[in-house]
Structures are given as structure tokens and as C-alpha cells.
Amino acid sequence: MFRSLLALFLISSLLSFSVAARAAEEVGGPSAHTVGQWRVYRLTDGAATGKAALFVDTDPNLVQTYLPDGTYPTAIQYFLLRGHGKTILIDTGLGKNLARQLAEAGIKPEAIDAILLTHMHGDHIGGLLTADQAVFPDATIYLSEKEKAYWIDPKMMAKAGPAKKDNFLLAQRALAVYGDRVKTFFPSSFAAGGATLLPTIKAIAAYGHTPGHSMFLLEDGSDKLLFWGDLTHAMAMQMPAPQVAMVYDINPKEAVATRLAVLRHVAAQKLAVAGMHIPDPAIGHLRAAGAGYVFMPEGEK
């Protein structure tokens, strides 16, 4: 399954992976990020190197300026949250390392109470199933209504073409297997305060990458952390030049508009962020720099 998902969702000819999964060491270790009473742990399916050919209609001068060798570092990250008597996953990666990482951390699949999905690309839902069986027997799956509607729509599947058929089929299998344990929601905006899913967790719309792509804001007391999903894929380019879209974006124009708005809000509010394709440590802050931004990884100033 790993090879087929990688080819479908990450365009393997343009990415090279170096899997160095060390999340088992980090779960329960000192590297956890604290948000109020929550402990947040980064899980991973490894680091990768992407190529500039994945950008959409990008000025060659930008590539030369920010990616002189034509490549950028990226990763596949997902997150485990523990607090308030709950154990929650945000996305599940490709399914390559998740089970092992949880087992090494002493967490059984039945201990997962909820799984929040930013969207249904295979590198985010691959860990939900094994041999078409549910990996997490007691978890409630939270998914944007718009996202679900897209992946089950036969017209959208036909329009997307053969190259994306496997993604649709994977999403449909996952939805069928989890059945009525899939709870849909309608995310709202930052201005509206987000849509409450669970105590201390809100969903915020971030459409464009996929039709129902959602972010999750963890807010406990005065502490906050925004999980922005696939708002970015290539930090080395999309921080200094956030107007650059990727071939992964279903609606590139909307994805760019969303990214510009979110980055502006995050920098102004000094909000900590976590991203599924931000290289290690995947959590940090932004500061404005000219027409773009600089990402400061957790622990750096």
C-alpha cells in the first residue's frame, strides 16, 4: 500500500524519502509540546526531498532565489494529543509507521478516542485501515462535510481522472468501514471563532488544497496551537513566496488565497503552528518578512 499511495499522492518521481521515524522516542519524552493540559507529540512517516517541478506556474527567478538546487525539504507528519482524559490523533499519515509508533509508546488502537482529519488525501488517511479493516475500533472520525461530499461524489471522481481514482476509492473504503462513527462538521473562520468539535478544539476552514480542507485550533487556557494541515508543502518556497501553489492543490487559486489569509492571521496573533509537511520539528512560529514570512522552529528565537 505504501508504494501505491506514495505514487498517487506524493508523485514519487519528484520526491525522494529518507524515513527516519523517531516518534516512538518522542512520545512520552521531553520533546512533547505542551498546550494547557494537553501534550502534543509529533509522529512521522519520514522526511523527503521535493522538486520544484511540483510548483504551479512558478517564476523561475523565485526557484533560483529560494531553491538554487531545485529541491526543498519536506516530510509527512501527524500528531498525537493526550489530555483531559482523551487520546486524539490529527491525521494518520500513510499508515507506514503509525501502528509501530503507537505500540512503542504503549498506546493501543482502542485507546484512541477521536481522529481529526484535515482532509482525505492518502498521506493523511492511510493509517485508518489495514486490509480494509478499521485500525481504531473505538475512535470517532471527525471530517468536514464538504470534504466527505467531494470524495463520495461519482461526478467528482470522474472529473478527477484515472490518476486520482485510487485516492477516491481509498477515501470511500475508509468512510464505509468507519460508518456511523464518522461525524461531519462545518468549519468556520478565525473571525467567527472556529466551530467547536470537542472541548478546547475548534475547526477552521482552509479550503483550496481540497474542497473541505480544515485546520484545528487547540486552545486550552491561554495556550494555543494551530494544526494547519496542508496549508504548505514546501516551506523553503512558500514562506518567502506564499503565492506559490502546488500540483497537489485541487483549487490552486483558492489554496493561495487561504494561505495568504492564514499566514497573515498567524503572524499577527503570534500563534504557534504545526504542519503536516513542515520538516522537523514541525511546530513553530512565524514572523513577517517583506512580502513573505520566516518560520521559526520550536526552540529557536
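The values are calculated or read from the model by the stated rules, or taken from the named source; none is laboratory data. What you see is a predicted model; the values in this text were computed from it and never measured. Every residue, glycine among them, receives a Cβ derived from its backbone with ideal geometry; neighbour counts consider all protein chains shown.
From the list GLY194, GLY208, which residue is touching a Pro at 6+ places or on another chain (Cβ under 8 Å) and farther than 30 Å from LEU54 by Cα?
Working: GLY208 fails: farther than 30 Å from LEU54 by Cα.
The match here is GLY194.
What are the pairs, 6+ residues apart or on separate chains, where a residue within the stretch 195-219 that is at positive phi has its Cβ under 7 Å from a residue that is modelled with pLDDT of 95 or more and not in a loop (DSSP other than H, G, I, E, B)?
So the pair list comes out as THR200/LEU218; THR200/GLU219; THR200/ASP220; GLY208/GLU254; GLY208/ALA255; GLY208/ALA257; GLY208/THR258.
Pick out the one residue from LYS164, LYS108, LYS146 that is more than 17 Å from GLY212 (Cβ to Cβ) and either in contact with a His (Cβ under 7 Å, 6 or more places away or on another chain) or not aliphatic (A, V, I, L, M) (or both). Let's see the steps before the verdict.
Working: LYS164 fails: more than 17 Å from GLY212 (Cβ to Cβ); LYS146 fails: more than 17 Å from GLY212 (Cβ to Cβ).
When all the criteria are applied, what remains is LYS108.
Does the stretch 83-96 hold any residues that are buried (at least 20 other Cβ atoms within 10 Å of the Cβ) and either modelled with pLDDT of 95 or more or over 21 Å from the mean Cα position of the chain (by Cα) (or both), and which are they? Explain how you work it out, then say what you get.
First, the residues of the stretch 83-96 that are buried (at least 20 other Cβ atoms within 10 Å of the Cβ): 88-96.
Those that are buried (at least 20 other Cβ atoms within 10 Å of the Cβ) and either modelled with pLDDT of 95 or more or over 21 Å from the mean Cα position of the chain (by Cα) (or both): ILE88, LEU89, ILE90, ASP91, THR92, GLY93, LEU94.
Identify all residues within the stretch 245-301 that are polar (S, T, N, Q) and exposed (fewer than 14 other Cβ atoms within 10 Å of the Cβ); write none if there are none. Working first, answer last.
Filtering the stretch 245-301 down to residues polar (S, T, N, Q) leaves 251, 258, 269.
GLN269, the sole residue that qualifies.
Can you tell me how many residues in the stretch 136-166 are crowded, with 20+ Cβ neighbours inside 10 Å and in contact with a Leu (Cβ under 6 Å, 6 or more places away or on another chain)?
2
Quick one: count up the residues across the stretch 220-238 that are buried (at least 20 other Cβ atoms within 10 Å of the Cβ) and over 16 Å from the mean Cα position of the chain (by Cα).
So the answer is 1.
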